[in-house]
Structures are given as C-alpha cells and as structure tokens.
1. Please state which one of 221, 251, 232, 215 is outside the structural domain of residue 86 (by TED's automatic domain parsing), touching a helix residue (DSSP H, G or I) at 6+ places or on another chain (Cβ under 7 Å) and free of Cβ contacts under 8 Å to residues at least 60 places away in the same chain.
2. Residue 271 - would you say it is touching a strand residue (DSSP E or B) at 6+ places or on another chain (Cβ under 6 Å) and either crowded, with 20+ Cβ neighbours inside 10 Å or under 27 Å from residue 182 (Cβ atoms) (or both)?
3. Where in the stretch 86-199 are there helices (runs of 4 or more DSSP H), lying fully within it, with 3 or more residues that are closer than 20 Å to residue 4 by Cβ and assigned by TED's automatic domain parsing to the domain that holds residue 37?
4. Give all pairs with beta carbons closer than 7 Å in which a residue from the stretch 255-276 that is outside the structural domain of residue 92 (by TED's automatic domain parsing) and farther than 20 Å from residue 215 by Cα meets a residue that is at pLDDT 95 or above and part of a strand (DSSP E or B); count only pairs at least 6 apart in sequence or on separate chains.
5. Considering the stretch 100-122 alone, what residues qualify as being within 21 Å of residue 262 (Cβ to Cβ) and exposed (fewer than 15 other Cβ atoms within 10 Å of the Cβ)?
6. Can you tell me how many residues in the stretch 200-220 are part of a loop (DSSP other than H, G, I, E, B) and closer than 21 Å to residue 233 by Cα?
7. Go through 45, 76 for me and flag whichever is within 19 Å of residue 131 (Cβ to Cβ), at pLDDT 90 or above and either out of contact with any helix residue (DSSP H, G or I) (no Cβ under 6 Å at 6 or more places or on another chain) or outside the structural domain of residue 131 (by TED's automatic domain parsing) (or both).
8. Just need a number here: residues in the stretch 2-19 that are buried (at least 19 other Cβ atoms within 10 Å of the Cβ) and within 20 Å of residue 172 (Cα to Cα).
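The values are calculated or read from the model by the stated rules, or taken from the named source; none is laboratory data. Because the structure is predicted, anything quoted here is derived from the model rather than measured. Every residue, glycine as well, gets a Cβ built from its backbone with ideal geometry; the counts of neighbours run over all protein chains shown.
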C-alpha cells in the first residue's frame, strides 16, 4: 500500500490524540515550542473536538505544574481545508476565557498542517508544527514496532492530500441531514426560505438562513445545530452589547438572551442539541422544536426590529 485514500482531519486528530495520551516524548515535541517547557509540567488530559460558545478546538491538551497550576495547548489541525471566519481569533478568545474562569493560567495556540499549507505560515497562531515534523518523530521512534508503519503511511497520505490544495470532503451522513432538514423546513418553516443544500463536509454544523426577505443584510438567522442555539446574529456588534441591551432588552421574551458570538452579538434561544451523525427522522421532535424557535425569532424581529 502506497497511501491511504480519503484521509481526513479527524483521522489525524485521533492519531495525535493517541500519541499525546501515551508518549511524554510526543508531548515534549509540542511543549518545546512554547515557554512552558522548562516548568516541569505533567500531562493531565487530552481532548478532541472541544466545543463552547466561541467555537471548537480540534485538540486541547492540559498540563499541570507541581504547584497545581494548569496550562493548555489549543490545537487547530488542517490537512487542506480553508480557515473558518475568525477561526484563529476564536482560539485566542477561548484561551482567554479559560484564564478568566480560573481554569488555567496560560495557553498557547498551535497550528498543525502539512508544510505546503499556506507556505508554512503560522496564520496568526502562536506556533506551528508541520506534519513533516511529526512524520520524522514517528520515523525516528524505535519503540512503536510495526505499528509505526501505519502511522507513517497515514501522515504521508495526509501530506500528499495537502499538496493538492483544498478539496471539500463531503460527509454522507451530514449531507443527508442537511437535505432532510431542508425538506422538513419546506413543510413547517417556509419563512426560512432555505436553499436546497448541496454536499456538506462533516464540519457543517451551522445553517444560515439569509434569503428570508425579512432580515437586513447585516443580520443572520442561524441554527447552530450541535451547539443547541438558534441565533438572530447581528454582525460586528460583539463589542456593543450595551447598545443591544438598551435597544432590545425590554422587548425580549423570557427565553431570549443577548450574548456575544465572536465579533457578532446574538439574540439567542437555547434549544436541544442535534447530532449530525444521526438522521433528522431519529431526532425529528428536537429538530421541529428548534425550527419553531427560529420562527419565533423571525416573527419577533418583524415586530420589533
């Protein structure tokens, strides 16, 4: 076998997760990039796909010092996909939130990608480590036995894919979810005027309704499927929550809240979270509940906006 077809970022995430959880040498490969290395840190945990209101970290690695202070590596992994809007900034915001909540005292953001990805540029992350560096780590490791052959092949396949540039990896279950969601919206939420979706990648967890003929161009209606939010999102108002409160707080219903959503501000209703790995039919009650809340937001804006 010369390569592994269809290598995804998820495959590399899991490869890295395994190594972080089992190898101090691998942990040190990353810690040496930062100013944490000389603090004699001990590994605490490694987590994949950590989600909060700011978005998602591909990997979060937590360490602890002898005086019980915690440090995090917030890692974004790219094979060849493009960056999402404000993605790097949201990593920094996530780290600062951890500090404000006294969960950690310091963090570092790290980009992992093939060397060809944006020509070895950090793209605003604190540090960068290339797939080629991790590949060398596995090639030099004499303790993995024959298992390292698979790890090397997986990374080589990802590097090869990265050289071909961005190609969307359509995810069948997610694409089917979007299609069935669209069909259901035609029956119970025509006011969304949702466009028929095409193939979607596994990361497609936000549905924007921008063609409803109700909202102005700077306001989006968004169903954040896996987060459990329906948002009326006001662009570039993230630092103007006071203005939002003055204008709208007396008009909100009991289940609406004004929150910061990256650089935007949202009037948000919390709803059940949905799984993109499961069908719309299997969670239809939750989907309809969410759609109904989205309809409430549209109706509310039409009356008060």
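1. Working: 221 fails: free of Cβ contacts under 8 Å to residues at least 60 places away in the same chain; 232 fails: free of Cβ contacts under 8 Å to residues at least 60 places away in the same chain; 215 fails: free of Cβ contacts under 8 Å to residues at least 60 places away in the same chain.
Of 221, 251, 232, 215, the one residue that is outside the structural domain of residue 86 (by TED's automatic domain parsing), touching a helix residue (DSSP H, G or I) at 6+ places or on another chain (Cβ under 7 Å) and free of Cβ contacts under 8 Å to residues at least 60 places away in the same chain is 251.
2. On the way: touching a strand residue (DSSP E or B) at 6+ places or on another chain (Cβ under 6 Å): yes; either crowded, with 20+ Cβ neighbours inside 10 Å or under 27 Å from residue 182 (Cβ atoms) (or both): yes.
So residue 271 passes the test.
3. Numbers: elements: 87-100, 131-140, 147-163, 172-188.
Because the criterion is at least 3 residues that are closer than 20 Å to residue 4 by Cβ and assigned by TED's automatic domain parsing to the domain that holds residue 37, the helices (runs of 4 or more DSSP H) in the stretch 86-199 that meet it are 131-140, 147-163.
4. 255/269; 270/229; 271/229; 271/230
5. Scanning the stretch 100-122 gives 100, 101, 103, 122.
6. Let us first name the residues in the stretch 200-220 that are part of a loop (DSSP other than H, G, I, E, B), namely 200, 202-205, 210-218.
If we keep only those that are closer than 21 Å to residue 233 by Cα too, we end up with 203-205, 210-218.
Final tally of qualifying residues: 12.
7. Result of the check over 45, 76: 76.
8. 3
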